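Before any comments, here is the structure.
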Amino acid sequence: MTVIQPGATIGILGGGQLGRMIALAAREMGYRIVVLEPKANSSAGQIADEEIIAPYDDAEAIAALNAKCDVVTFEFENVDAVAARPLEEAGKLVQGTDLLKTTQHRLREKEALEAAGLPVAKYQAVRTEAEAEQAVKALGAPSVLKTCRGGYDGKGQVVIEGEREAAEAFKQLQHAEELVMEQWIPFHKEVSVIVSRTPTGEMTVFPVAENDHQNNILHQTFVPARVSPLVHERAVQLAQKLARHIQLVGTLAVEMFVTENEEIYVNELAPRPHNSGHYSLDACTVSQFTQHIRSICNWPLIEPEMTRPVVMTNVLGEHVQPLNEQLPRLSSAFVHLYDKGEARPGRKMGHVNVIGASIEEAIQETERLTVWDAPTTING
Ligand SMILES: Nc1ncnc2c1ncn2[C@@H]1O[C@H](COP(=O)(O)OP(=O)(O)O)[C@@H](O)[C@H]1O
Ligand SMILES: [Mg+2]
């Protein structure tokens, strides 16, 4: 595959903030953008040269995208693989649909991770209440029951503290076709690694990010991650090993648990730029979005090195007002807002990257802003 030259048109499936930041990076490089999204004037649609307003699996809309674009990417993983097939057949979805299909289904994802030789928490498929009970017996409590499809930000999962809770957890989730029971990993830290790879096999890895979730939504990312050099090295190696095994094209985020005694388990994957990589916009030699465009357009990749320590904090609906009040004090903070309209509590509206001479200084500076002091709202 040759380099897709600027002036060409990149299609994006999805109109959310990830699509917006992909589009901004691509426009800076001279590409044209078409966004397919059911709602007009979406966060990504605002940045596009053209919006196609239709459901993601609308065959006519996919055909239009195919006709208008030289390459197509996606900003979320629940893209209908059947609907996307014409794009793949036309050679425009250079990332392919294999990884999409794998990451759409937690069981398949775990099987793929094991096949690549990566460590995952013990798990069992669950289809009935009896199987849920049996799985907790086998795996031990605590465990967590998850829907195989459609879960995000902690939705579609129930933590089980004791064997007697298995039946109730199953009842809560039995609307889903397939479930998986997973052993709870008493993690010391959560980290993630973002890897980018071109069709010609060039690969780079972003610095390891340390993640803190609140109410199952990513709250903060700290980079450099406060883990040992050994954990840094192993986390990067695991991500590289997986990317090579699946012949990745594009961007892959690998979420991992790190235990007190430095064991690493892969939690889940995202086949796209990731919230935990937003720090790269202001603290790396290249952002995950620019690298994504370079990888799908088969440019050479830039080695993503840290330029300075950073804390990324998400701005949810309830943080927008306090953030606005702090604007006069933001001398070391980069503000990224997604122009999504209504600032509903729990809705991701933006993020702030606070840089510092050290990670401790960046943390202190973030705390000084008091934007995130009020207890966070459960995502509704
Ligand atoms: N097996 C587990 N052990 C420990 N913590 C878990 C486990 N599964 C999920 N969690 C916690 O819940 C969060 C969300 O779960 P995850 O599987 O990543 O789903 P989502 O798709 O909602 O991000 C994780 O980041 C982690 O904090
Ligand atoms: Mg997750």
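The values are calculated or read from the model by the stated rules, or taken from the named source; none is laboratory data. In this text the structure is predicted, and so the values were computed from the model without any measurement. Note that each Cβ is placed from the backbone with ideal geometry, even for glycine, and that neighbours are counted across all protein chains shown.
Summary table below
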{"item": "Pair list, Cβ under 6 Å, 6 or more apart: the stretch 336-349 residue assigned to a loop (DSSP other than H, G, I, E, B), other residue of a type outside the set (Val, Ile, Thr) and loosely packed, with under 14 Cβ neighbours inside 10 Å", "result": "Gly346/Gly380"}
{"item": "Residue satisfying all of: in the stretch 271-322; closer than 14 Å to Gln17 by Cβ, of a type in the set (Gly, Ala, Ser) and out of contact with any Leu (no Cβ under 7 Å at 6 or more places or on another chain); surrounded by the most Cβ atoms within 10 Å (Cβ to Cβ) among these", "result": "Gly277"}
{"item": "Some residue of the stretch 301-320 being over 18 Å from the mean Cα position of the chain (by Cα) and within 24 Å of Gly7 (Cα to Cα)", "result": "yes"}
{"item": "Counted residues, the stretch 184-206 - those being more than 30 Å from Met1 (Cβ to Cβ), buried (at least 20 other Cβ atoms within 10 Å of the Cβ) and more than 16 Å from ligand 2 (Cβ to nearest atom)", "result": "0"}
{"item": "Given (1) within 13 Å of ligand 1 (Cβ to nearest atom); (2) within 17 Å of Gln104 (Cβ to Cβ), index of the condition Met181 fails", "result": "(2)"}
{"item": "Which numbered condition Ala84 fails, given (1) within 13 Å of Gly14 (Cβ to Cβ); (2) surrounded by fewer than 21 Cβ atoms within 10 Å (Cβ to Cβ); (3) touching a residue at least 40 places away in the same chain (Cβ under 8 Å)", "result": "(2)"}
{"item": "Single residue of the stretch 251-270 satisfying the filter (within 12 Å of ligand 1 (Cβ to nearest atom) and acidic (Asp, Glu)) that is farthest from Leu230 (Cα to Cα)", "result": "Glu268"}
{"item": "Single residue of Val320, Val354 found to be modelled with pLDDT of 95 or more and assigned to a strand (DSSP E or B)", "result": "Val354"}
{"item": "The stretch 176-198 residues that are farther than 22 Å from Gly150 by Cα and aromatic (Phe, Trp, Tyr), paired with ones that are in a loop (DSSP other than H, G, I, E, B) and within 15 Å of ligand 1 (Cβ to nearest atom) (beta carbon under 9 Å, 6 or more apart)", "result": "Phe187/Thr259; Phe187/Glu260"}
{"item": "Residue satisfying condition, being more than 16 Å from ligand 1 (Cβ to nearest atom), assigned by TED's automatic domain parsing to the domain that holds Ser276, more than 27 Å from Gln157 (Cβ to Cβ) and of a type in the set (A, V, I, L, M), within set Val195, Val205, Val231", "result": "Val205"}
{"item": "Long-range neighbours under 9 Å by Cβ, at least six apart or interchain, first residue under 17 Å from Pro273 (Cα atoms) and among the charged types (D, E, K, R) within the stretch 204-228, second more than 13 Å from ligand 2 (Cβ to nearest atom) and assigned to a loop (DSSP other than H, G, I, E, B)", "result": "Glu210/Pro224; Glu210/Ala225; Glu210/Arg226; Glu210/Val227"}
{"item": "Val79 being outside any helix (DSSP H, G or I) and either modelled with pLDDT under 95 or over 24 Å from the mean Cα position of the chain (by Cα) (or both)", "result": "yes"}
{"item": "Positions within the stretch 190-199 being assigned to a loop (DSSP other than H, G, I, E, B) and hydroxyl-bearing (Ser, Thr, Tyr), in sequence order", "result": "Thr198"}
{"item": "The one condition in (1) at positive phi; (2) more than 10 Å from ligand 1 (Cβ to nearest atom) that Asn216 fails to fulfil", "result": "(2)"}
{"item": "Neighbours by Cβ (under 7 Å, 6+ apart or cross-chain): first from the stretch 23-35, touching a residue at least 40 places away in the same chain (Cβ under 8 Å); second in a loop (DSSP other than H, G, I, E, B)", "result": "Ala25/Ser287"}
{"item": "Where a residue in the stretch 44-73 is surrounded by fewer than 19 Cβ atoms within 10 Å (Cβ to Cβ) and its partner, wherever it lies, is of a type in the set (Phe, Trp, Tyr) and not in a helix (DSSP H, G or I), with Cβ under 9 Å and at least six apart", "result": "Asp70/Tyr31"}
{"item": "Options Leu107, Leu113, Leu139; residue that is surrounded by 20 or more Cβ atoms within 10 Å (Cβ to Cβ) and either under 23 Å from the mean Cα position of the chain (by Cα) or within 16 Å of ligand 1 (Cβ to nearest atom) (or both)", "result": "Leu113"}
{"item": "Members of the stretch 211-235 found to be more than 16 Å from ligand 2 (Cβ to nearest atom) and touching a Phe, Trp or Tyr at 6+ places or on another chain (Cβ under 9 Å), listed by number", "result": "Phe222, Val223"}
{"item": "Whichever residue in the stretch 1-44 is in a loop (DSSP other than H, G, I, E, B) and among the hydrophobic types (A, V, I, L, M, F, W, C) and, among such residues, is nearest to Pro271 (Cα to Cα)", "result": "Ala44"}
